[in-house]
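The values are calculated or read from the model by the stated rules, or taken from the named source; none is laboratory data. Model, not experiment: these values are computed from the prediction. Reconstructed Cβ throughout: ideal geometry from the backbone, glycine too, with neighbour counts over all protein chains shown. Just the protein is used for accessible areas: all its heavy atoms, side chains included, with ligands, DNA and RNA removed. Shrake-Rupley method; radii C 1.70, N 1.55, O 1.52, S 1.80 Å.
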Amino acid sequence: MKEYFENAASNWQKYRQRRSYYWNSITDYVGYYIHPDNTVLEIGCGTGELIASVNGSHKVGIDFCESLIEQARKAHPNDVDFYVMEAENITLDEKFDVVVLSNLVGFLDDIEKVLREIRKVCHERTRVIVTSYNRLWEPMIRFAEFIHIKRRTPQQNWISRDDLCNMLYLSGFETYRFNSNMLCPVYIPLISPLFNKVVSHLPLMGALSLNNYFFARPMPEDGDWVKRYSVSVVIPARNESGNIRAAVERIPDMGSHTEIIFVEGNSTDDTWDEIQRISNEYAGKRDIKIMRQDGRGKGDAVRKGYAAATGDILMILDADLTVPPEDLPKFYRAIATGKGEFVNGVRLVYPMEQEAMRTLNNIGNHFFSRLFSWILETPVKDTLCGTKVMFRTDYLRLAEGRKFFGDFDPFGDFDLLFGAYKLNLRIVDLPIRYRERKYGSTNISRFRHGFILLRMSVFAATKIRFR
């Protein structure tokens, strides 16, 4: 195998340039999930086009072919540190935020051994991105080699999606997302963008696409999680006077410290006065912060509360208490033990109390759950459950990159969901029992807010699926 690459090295860069449409599509897709502050390692980097093109505060490329590494160093002398190194024996003494294996696994003698080596350069939040080609394309690839429009390559490993997921699992990684795209690997004006950016993302078409993408992370270990993190619970409250005391009394202590933050949202009842009364009454007993909202909408309230939060973990609790505060420790456990990095509450699993959700709302939630699961390439059963949980460090990164999706979400749920996807976080659903509200009435307008959701869905699809 090494002899093949050494012989091909002399015209490797020219060959890639002539087929830049195909290779750039892989680079662009992988680069979408890599951020400027990430440290990045590419294994099997070749002449370094991918690793040099993506974001990263510190980038390293390794390859076992010395001739390819020499060319990479000449082409990218200042952007990337390149080393001649075998994937089966990684000797780097550092941990990386992102590790990329692009079109490499098909050439490896022992895939599992390489994946175990990767564990040495991973910390607990590392992301591993593996790209490979769909073996359904094998006859077309061999035909392209036969008529000399593609370089002839040695026979590669026959790896199915399940095969690679299983080897990642055996090596201590969890595959948390899979995607595929590209139906037309050469550039044909209008045709290639249509088929690759739109048609390949339609239901069932992914199975026919050329490129497969696997996203994995080191499998979490429980460890000493009970008191590991502090928690901030942000409660947006508009016309919820009758629920303020119950919220304070029912929120359990979690982690090393629990902070409660009320953000009052221009109420027409005495909610603000009640918040002040309860805060004074519990002074010295509970850590409570109170503030009034400047803008409008739950999303604005959440952002204001998060900006003031000091906890390691950020939680949202709707002041109507339809999500029981007693369920919050479930969310703490899920994120503190590493089972998820963005924990999304789900109201649609357990039977609801009779008046908990109106019929049209229920139908709408089921529709949007399927739509957003497709957009986010991750099962998200309930997009509008008010309780969502993430680490504050991740939220700060999300806030820095908010301009990518824009600031037009009045609910706040989708700002967080889209941002978590862009940060490549492990999104997990956590079922809860949804209760009837005991005080007040909902602030949600079914039809007006439904049209807003549809507009956001279309926008998100263009930024995620059809990019």
Net charge dipole size for the chain [Lys, Arg +1 and Asp, Glu -1 on Cβ; Debye, nearest 20]: 1300 debye
Report, in cubic angstrom per residue, the convex hull volume of the C-alpha atoms of the range 1-131. 97 Å³
TRP272 neighbourhood, Cβ < 13 Å, K/R = +1, D/E = -1, net charge -3
Looking at the range 94-216 only, what percent of DSSP beta bridges run antiparallel? Nearest 5 please. 65 percent
Note to self: C-alpha centroids of the range 171-187 and the range 40-106 sit apart, in Å, by 20 Å
Just the number: Rg to Rh for the range 144-300, Cα atoms, Kirkwood Rh, two decimals. 1.27
As a quick test, which of the pairs LYS227/LYS339; LYS113/LYS422; LYS330/LYS463; LYS298/LYS403; LYS330/LYS388; LYS227/LYS388 have an alpha carbon distance above 23 angstrom in this structure? LYS113/LYS422; LYS330/LYS463
Using mean Cβ contacts within 10 Å as the protection proxy, how do 367-378, 35-46 order, highest first? 35-46, 367-378
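Counting Lys and Arg as +1 and Asp and Glu as -1, each charge on the Cβ, what is the dipole of the range 1-108 about the Cα centre in debye, to the nearest 20?
Approximately 520 debye in magnitude.
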Restricting to Cα pairs below 8 Å that are 6+ residues apart, what does the relative contact order work out to for the chain? Please round to a whole percent. 12 percent
Extreme residue, positive dipole direction of the range 56-131, given options ASN78, ASN89, GLY56 (C-beta unit charges): GLY56
What lysines could a cross-link reach from LYS14, if we take a straight Cα to Cα line under 30 Å and drop same-chain neighbours fewer than 8 places away? LYS2, LYS59, LYS74, LYS150, LYS197
Over the range 34-125, what percent of the accessible surface lies on carbon and sulfur atoms, probe 1.4 Å? 41 percent
Ordered by packing density, taken as the mean number of other Cβ atoms within 10 Å over each peptide's residues, highest first, how do 393-403, 322-332, 254-264 rank? 254-264, 322-332, 393-403
On the Cα set of the range 224-335, report Rg and Dmax in Å, please. 13.2, 45
Hey, what's the chain come to in accessible area per residue, 1.4 Å probe, Å²? 45 Å²
Taking 207-213, 8-14, 265-271 and ranking on average Cβ neighbours within 10 Å, highest first, one gets 207-213, 265-271, 8-14
Just the number, please: percent antiparallel of the DSSP beta bridges in the chain, rounded to the nearest 5. 35 percent
Would you calculate a helix-derived [θ] at 222 nm for the chain, using -39,500 (n - 2.57) for each DSSP H run of n ≥ 4 and dividing by the full residue count, to the nearest 500? -10500 deg cm²/dmol
Shape box of the chain [Cα atoms, principal axes, largest first, Å]: 78, 46, 36
Protein accessible area in the range 237-288, 1.4 Å probe - carbon and sulfur %: 40 percent
Rounded to 10°, Cα long-axis angle of helix 359-376 versus longest principal axis of the chain: 30 degrees
Measure of size requested: the Rg and Dmax of the range 101-237, with Cα atoms as the atom set and Å as the unit; please supply both. 19.5, 68
